[in-house]
Amino acid sequence: MLEGNISEMHFSNLTRLRIFRASNNMLTFKPNPSWIPPFHCENIELGNCHLGPKFPQWLQFQKNLFHLDISHAEIPGVIPTWFWNLSTQFEYLNLSNNQLVGKISYFPRSLVVDLSSNLFTGPLLQAPSDLMFLFLSKNLFSGTLSNFLCNSSTKLEPLTILDIESNLLSGEIPNCWENWQFLKVLNLGNNNLTGKIPRSLGFLRRVLSLNLRNNNLLGEVPSTLQNLVDMLILDLSENQLTGSIPAWIGDNLLNLVVLNLRSNKFQAYIPDQICAHNSLQFLDLGYNNISGAIPKCFSNLSAMAIKPLKIHVGNSTWSFESNNLFLLGALLVMKGREDDYSTILGLVVGIDLSVNSLRGEIPEELGNLIGLRSLNLSGNLLTGKIPENIGNMEVLESLDLSMNQLHGEIPSSFSNLNFLNHLNLSYNNLTGQIPSGTQLQSFDRFSYIGNHLCGPPVTKNCSRNGETPDVTNGGRSGGKKRSNVNWLYVSVVLGFVMGFWGVVAPLVFVRSWRFAYY
């Protein structure tokens, strides 16, 4: 938490300085533009320091530099040309989270390059053959991927992480992934990619995370993806994919932790093979055209039936130097909003089957998933009663059963859900009294609207036997006639009339009182 200004005077005698690390402080370092440092550093880390508003000119004199981190440094503008001459010696380069603009004439020859969260434009050019980690997300890169991926003169065999999420890339995903045998993370999400998912992605046998979300991809999921047996995260959400959910996802991809097929056009049933996943912690099939019943075998999803849960990231964690850690992350929808989960991914356990055409009753077997933190079954055609044992999910934080055809009472076991902070039971046919419990009374009435419920926070009062009063039937509930007169209001009105006229009437009718008062 160091703060304050650093000047060139602090370095006047540091002629032998080789390592300069001051990241994650609140320091400001803006030396004179003509300053020539007396040292030649090999490692400079100034992430989250204030180095702007101009690109640090003094870096051009660091001829031995191989590790540079000036991320989150409030540096705007174009990278000067002299900087790219330094890049031939880098092993690690991090310029992320600044306001850097312009085109990239060529990628630096470095093992790790992080240019994410800037304003870089133009097409993606060929990358150096020894590159291992490349982060380009959240920029304005445009054009197609063909020249970057499929040029015969570029062999990116050592590449382990390729993250180009949230750019303006267009065209089809090239079908030339045969030479990327070491790739473990591929993120092409949130672009304008079209066409079908290429079959050659099945050659990425070491991949742990495949993210193609929020594009315009068409067709069915190619069967070659069943070769990616080490995969932990598969995110194909927010596309136009069709067909049925492949059964081989449950037969072959047994290491999956996150399966996200949300917002597509998948049809047919949920295959029972998905129940074979012992590692699956988050399943999102929401906003599709899936029909049939919820499989009872969901109770076999053992990773959701244990609490607390921690993800095993062994092979999914890489470190470059001791202070840099790259973890797998996922963008997931929970509690009605979309959030990015990375370091706490192991704590995210949920099922989302919302906005489909699922029928039948909610299986009682779901109550065995006591590790669930989020359950969303809203927007379906589910019938029957809410299973009593859902109250066994003591760590449940979000529950949405709205817009179904459920009937009966809310199970009394719901009062055990002490961690519940998002609840929606609206627009069903639920009746009876809302169970008394601190959590259930803390939600507003919109969580229960569209039912026939009584008790707080709903405005209707319950009858003595816990039923909702039937006002349309003369106040009859349970066969007994009950009075609709509210004697509190009657006494208030009578008190007002007597008090008002007890003073005003004598003034009107008794002349001596009137003269005395005025």
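The values are calculated or read from the model by the stated rules, or taken from the named source; none is laboratory data. Please read these numbers as outputs of a predicted model, since none were measured by experiment. We place every Cβ from the backbone using ideal geometry, glycine too, and count neighbours over all the protein chains shown. These accessible areas exclude ligands, DNA and RNA; they are computed on the full protein's heavy atoms, side chains included. Shrake-Rupley method; radii C 1.70, N 1.55, O 1.52, S 1.80 Å.
What to note about this one:
- Solvent-accessible surface (1.4 angstrom probe) belonging to residue 39, in square angstrom, nearest 10: 0 Å²
- Net lengthening on full extension, residue 293/residue 205 (0.36 nm per residue, minus Cα-Cα): 28.3 nm
- Stretching residue 439 away from residue 265 to a fully extended chain increases their span by 59.0 nm, per 0.36 nm per residue minus the current alpha-carbon distance.
- Per-residue SASA remark: residue 351, around 0 Å² accessible (1.4 Å probe; ligands, DNA and RNA not included).
- 32 Å Cα-Cα threshold exceeded, pairs from 54/196; 265/385; 385/460: 54/196
- FRET efficiency for residue 19 and residue 359, using Cβ-Cβ distance with R0 set to 51 Å, rounded to 0.05: 0.20
- DSSP assigns beta bridges within the chain; of those with both partners inside it, close to 10 percent run antiparallel.
- The Rg/Rh ratio of the range 198-318, with Rg taken over Cα atoms and Rh as the Kirkwood radius over Cα pairs, comes to 0.95.
- Shape class for the chain: oblate, because the ratio a/c of the largest to smallest gyration tensor axis (alpha-carbon atoms, square roots of eigenvalues) is 1.5 or more and b/c is at least a/b.
- Nonpolar atom fraction for the chain, defined as the carbon and sulfur part of the 1.4 Å probe accessible area, stands at 52 percent.
- Distance between the C-alpha centres of the range 395-443 and the range 86-127: 51 Å, rounded to the whole angstrom.
- Inter-label distance, nm, simple model (7 Å from Cα along the C-beta direction), residue 216/residue 26: 4.7 nm
- For residue 504, the accessible surface of its heavy atoms amounts to roughly 40 Å² (probe 1.4 Å, protein chains only, rounded to the nearest 10).
- Accessible solvent surface per residue of the chain, calculated while the other protein chains remain in place, 1.4 angstrom probe, Å²: 47 Å²
- Fully extended contour minus Cα-Cα distance, from residue 64 to residue 251, at 0.36 nm per residue: 62.1 nm
- ³J(HN,Hα), Karplus 6.51/-1.76/1.60, whole Hz, each residue of the range 117-123, x for Gly, Pro: 6, 10, 10, 5, 10, x, x
- For q = 0.14 Å⁻¹, Debye-computed log10 I/I(0) when each Cα of the range 83-213 counts as one equal scatterer: -0.57
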